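K.L.:
Below you'll find the structure I mean.
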Amino acid sequence: MDFELSMEQDILRKTVRDFAEKEIAPKARELDEKEQFSLQTMAAMGDLGLFGMVVSEEYGGQGMDYISYIIAVEEIARVDGSHAATVAAGNSLGIGPLYYYGSEEQKHKYLPDLCAGKALWGFGLTEPGAGSDAGGSATTAVLDGNEWVINGSKIFITNASTPISRGVTVMCKTGSRDEKRPELSCILVENGTKGFEAREMHGKMMWRGSNTSELYFEDCRVPKDNMLGLRGKGFHQMLETLDAGRLSIGAMGVGGAQGAYELALRYAKERQQFGRPISTFQVNAFKLADMAMEIEAARLLLYQACWQKDQHKSFSKSAAMGKLYASEVMGRVVNEAVQLHGGYGLMKEYNVERFYRDQKLLTIGEGTSEIQRLVIARLIGAI
Amino acid sequence: MNIVVCIKQVPDTETQIKIAGDGKTIATDDIKWVMNPYDEFGVEEALRIQKAKGGEVIVVGAGPKRVTESLRTALAMGADKAVLIEDDGLYGADPLAVAKILAAAVKPLSPDIVFLGMRAVDDDAGLVGPALAEFLDMPNLSVVTKVEVGEGSVTVQRPVEGQTLVLEASLPAVISAQKGLNEPRYASLPGIMKAKKKPLEVKTLADLGLDKAGKAEIAALTPPPARAAGKTISGETAQELAANLAKALREEAKVI
């Protein structure tokens, strides 16, 4: 066994940490407060190379391994969940399906700008009436001559309505094999296509500096060639995309927990009560010890899943475990981190308050904790 | 125009330094190592000059194998080649010996400019720059915040007590960077991947025909004294508080 990161991974971690602390951390609170997506930090993240991290150089990507990508997401999440969300969704959900299932033409058309961070792409899966039951999608696509005609709507779609959003991959019902099993396919729809509208969603509790949209399709016509991969493969593509996407949500859990833990440790060492730093009271010291331990355990589980993916081994179970564990660890960590901050932890002026809110998405997005347990239960043969 | 940048690897500025059992060196077990921030200004300036004037940027470091990471970081920022003089005993060695070793490694590269930080953030000696200029027989331009390269000459600025000193020297020259010279770029992710394939030559002291024997030796390292707890002045009224404060300053602190 070798727990040592490669020199490149080490340089990457230091570089992204440095970048996150200097370029993102100073702006995160204000963007959260105003519920605003920043084109400026987006461009800076693009310049650094945070998009298309695992895509080969041929399409403008960085050609790195999955663990490098996960380290980058972790380091961004250590200072801000919203920016980590933009990067994670950009890579896993926007770029991922295009890179893995797209035709050469589609890849050459979209990937270079997406990998340069000059454009963003969304992945339209969840619907108002189809969340965990993603197979129950009601959005339909009907072939009419050389065009698909799409009708329906999607919700909670990251990166789809920024000024640089170029389009979305939409999972649609394109037919049915029998009563219970609809034929699902993924179709590419560019922003600006007639009959397609991506509307920004407001009033979020968390990830307020990231972009979330509702998508509306009304007799939206796209060329037949906009099919992503094979017709009827949509559900399979979605499952694979989510497997990999889970690793980046896990990275947000580990990184977010790390950030909240560091805030709590620093505060507890500075805050004096009864004439001594509150970190020296055993009740608090033990909380901090538990945080450190759980974060390390979550990180190891997550890195193991990434290693399996990099080695082309099956990683579905580890990905579900890593996502579930890391997001729940972050839940426990932010809870105690706010507790250690006392009254100040309830104030927006203290960053730990933002971490507390941002955490909540992680047990819900890209498969709820309940769905992760179901995935694991099936894979260990319990169900 | 060929530019050499000398790089020292130092503990990350957030590291809590502990003194090792021998009482002469620091404990290196839990240290995160980074490129000396002042050297980073040198790398950035070299890359900017290269963009305008062409040529090659070569980074040179001396120390244990771990220094490779700082050299690779400079390559990821955009430098073309790296040279490591690898020796486990070089970290913490006498700055004069280090300057002599660097000079021997830099000389065959025939640089037009040699950059380095004005000091390293670990030992703060600030000696390697001037000594290197001496050993290379080049003009020494220290503590520089602005560089303009002309034809065969260079003009630099050094801040001095609210004024600016403008210095001009013929090339080749040694320039040591001060904070404010520039804002160093990040090593981009594509840069990190490209750096893997760039040449990094490893030399030993024997290759240079040198040893690390210096003139000065560290006899002992001691941590700064722990800060004592503050004292609270008590009193019922403002007059009483002021009187007690004055008394404490005179009798206990003995400052008035």
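Here, each number is a calculation from the coordinates, and none is a lab measurement. Because the structure is a prediction, the values reported are computed rather than measured. All Cβ positions, glycine included, derive from the backbone under ideal geometry; neighbour counts span all protein chains shown.
K.L.:
Can you give the charge dipole size of chain A about its Cα centre, rounded to the nearest 20 debye, using +1 on the beta carbon of Lys and Arg and -1 on the beta carbon of Asp and Glu?
P.N.:
The calculation lands at about 720 debye.
K.L.:
Would you list, by chain and number, the aspartates and glutamates whose Cα falls below 18 Å from the Cα of A:LYS109, excluding same-chain residues fewer than 8 positions away?
P.N.:
Partners within reach: A:GLU57, A:GLU58, A:GLU190, A:ASP225.
K.L.:
How compact and how long is the stretch B:47-152, expressed as Rg and Dmax of its alpha-carbon atoms in Å?
P.N.:
Cα only, the stretch B:47-152: 13.8, 40 Å (Rg, Dmax).
K.L.:
Here is a follow-up. Work out, in µm²/s and without decimals, the Stokes-Einstein translational diffusion coefficient of the stretch A:146-245 at 20 °C, 1.002 mPa s, Rh from Kirkwood over C-alpha pairs.
P.N.:
Using the Kirkwood radius from Cα pairs, D works out to 149 µm²/s.
K.L.:
Let me ask something additional. Using only the alpha carbons, work out the radius of gyration and Dmax of the stretch A:1-124 in angstrom.
P.N.:
Cα-based Rg and Dmax for the stretch A:1-124 come out at 14.5, 47 Å.
K.L.:
Go through A:LYS107/B:LYS32; B:LYS24/B:LYS196; A:LYS22/A:LYS204; B:LYS81/B:LYS212; A:LYS348/B:LYS179; A:LYS323/B:LYS197 and tell me which ones have a Cα-Cα distance over 28 Å in this structure.
P.N.:
A:LYS107/B:LYS32; B:LYS24/B:LYS196; A:LYS348/B:LYS179; A:LYS323/B:LYS197
K.L.:
Here's a follow-up. Note down the magnitude of the dipole of the protein assembly as shown about its Cα centre, charges +1 on Lys and Arg C-beta and -1 on Asp and Glu C-beta and zero elsewhere, to the nearest 20 debye.
P.N.:
Result for the protein assembly as shown is approximately 820 debye, rounded to the nearest 20.
K.L.:
Let me ask something additional. When 1/r is averaged over all different Cα pairs and the result inverted, which Kirkwood radius in Å belongs to the stretch B:147-255?
P.N.:
22.4
K.L.:
Return the calculated 222 nm mean residue ellipticity for chain A, to the nearest 500 deg cm²/dmol, obtained by summing -39500 (n - 2.57) across DSSP H runs with n ≥ 4 and dividing by the residue count.
P.N.:
Only helices count here, giving -16000 deg cm²/dmol.
K.L.:
Counting other Cβ atoms within 10 Å, which GluC sites (Glu not before Pro) in the stretch B:144-248 have at most 14 and lie in a DSSP loop?
P.N.:
Sparse-neighbourhood loop GluC sites (Glu not before Pro): B:GLU151, B:GLU161, B:GLU217, B:GLU236.
K.L.:
For A:LYS180, which aspartates and glutamates qualify as cross-link partners when the Cα separation must be under 14 Å and same-chain residues fewer than eight apart are set aside?
P.N.:
A:ASP133
K.L.:
OK, next. Put +1 on the Cβ of each Lys and Arg and -1 on the Cβ of each Asp and Glu in chain A; which of A:LEU228, A:GLY253, A:THR174 then has its Cα farthest toward the positive end of the dipole?
P.N.:
Among A:LEU228, A:GLY253, A:THR174, the one farthest towards the positive end of the dipole of chain A is A:GLY253.
K.L.:
In chain B, with Lys and Arg counted as +1 and Asp and Glu as -1 at Cβ, which of these residues, B:PHE115, B:GLY191, B:ILE31, has the Cα nearest the positive end of the dipole, that is, farthest along it?
P.N.:
The listed residue farthest towards the positive side: B:GLY191.
K.L.:
I need the chymotrypsin sites (Phe, Trp or Tyr not before Pro) found in the stretch A:1-98, filtered to DSSP loop residues with at most 10 other beta carbons within 10 Å of theirs.
P.N.:
Sites meeting the loop and neighbour criteria: A:PHE3.
K.L.:
How high is the relative contact order of chain A? Use alpha-carbon pairs under 8 Å, at least six apart in sequence, and give a whole percent.
P.N.:
Averaging sequence separation for qualifying contacts and normalising by length gives 17 percent for chain A.
K.L.:
Simple spin-label model, 7 Å along Cα-to-Cβ: A:ASP144 to A:ALA377 in nm?
P.N.:
4.4
K.L.:
In chain A, which longest range has no GluC sites (Glu not before Pro) that are both DSSP loop (not H, G, I, E or B) and surrounded by at most 11 other Cβ atoms within 10 Å?
P.N.:
The reported range is A:5-178.
K.L.:
According to a simple spin-label model (label point 7 Å from Cα along Cα-to-Cβ), what is the distance in nm between A:PHE3 and B:THR164?
P.N.:
The modelled label-to-label distance comes out at 5.2 nm.
K.L.:
Continuing with this model, one more query. Once you average over the residues of B:189-198, how many Cβ atoms of partner chains fall within 10 Å of each Cβ?
P.N.:
Mean partner shielding for this stretch: 6.
K.L.:
With +1 on each Lys and Arg Cβ and -1 on each Asp and Glu Cβ, how big is the dipole of chain B about its Cα centre, in debye rounded to the nearest 20?
P.N.:
The calculated dipole for chain B is roughly 420 debye.
K.L.:
Report the relative contact order of chain B, percent, no decimals, based on alpha-carbon pairs under 8 angstrom and at least 6 residues apart.
P.N.:
23
K.L.:
What value does the protein assembly as shown have for Rg/Rh, both radii from Cα atoms and Rh as Kirkwood defines it?
P.N.:
Rounded to two decimals, Rg/Rh equals 1.04.
K.L.:
If you keep only loop residues by DSSP, which trypsin sites (Lys or Arg not before Pro) in the stretch B:1-53 have at most 16 other Cβ atoms within 10 Å of their Cβ?
P.N.:
Loop-located and lightly packed - B:LYS18, B:LYS24, B:LYS32.
K.L.:
Along the Cα→Cβ direction, 7 angstrom out, place labels at B:ALA20 and A:ARG332. What is the inter-label distance in nm?
P.N.:
A separation of 3.8 nm, rounded to one decimal place.
K.L.:
Give me the percent of DSSP beta bridges within the protein assembly as shown that run antiparallel, rounded to the nearest 5.
P.N.:
So the antiparallel bridges in the protein assembly as shown amount to around 60 percent.
K.L.:
For the stretch B:2-203, compute Rg over Rh where Rg is the Cα radius of gyration and Rh is the Kirkwood radius from the inverse mean 1/r over Cα pairs.
P.N.:
Radius of gyration over Kirkwood radius for the stretch B:2-203 works out to 0.95.
K.L.:
Same structure, new question: What length, rounded to one decimal in nm, is gained on full extension from A:LYS118 through to A:MET293, with 0.36 nm per residue of separation minus their alpha-carbon distance?
P.N.:
59.1 nm
K.L.:
Report, ordered by chain and residue number, the aspartates and glutamates lying within cross-link reach of B:LYS8, taken as a straight Cα distance under 16 Å and ignoring same-chain residues fewer than 8 apart.
P.N.:
B:ASP39, B:GLU40, B:GLU44, B:GLU69, B:GLU86, B:ASP87, B:ASP88, B:ASP94, B:ASP122, B:ASP123, B:ASP124
K.L.:
Right, something else. Debye sum, Cα scatterers, chain A, no solvent: what log₁₀ I/I(0) at q = 0.08, 0.13 1/Å?
P.N.:
Debye intensities relative to I(0), on a log10 scale: -0.40, -1.03.
K.L.:
In deg cm²/dmol and to the nearest 500, what is the mean residue ellipticity at 222 nm of chain B if only DSSP H runs of at least 4 residues count, each as -39500 (n - 2.57), divided by the residue total?
P.N.:
Taken over chain B, the calculation gives -8000 deg cm²/dmol.
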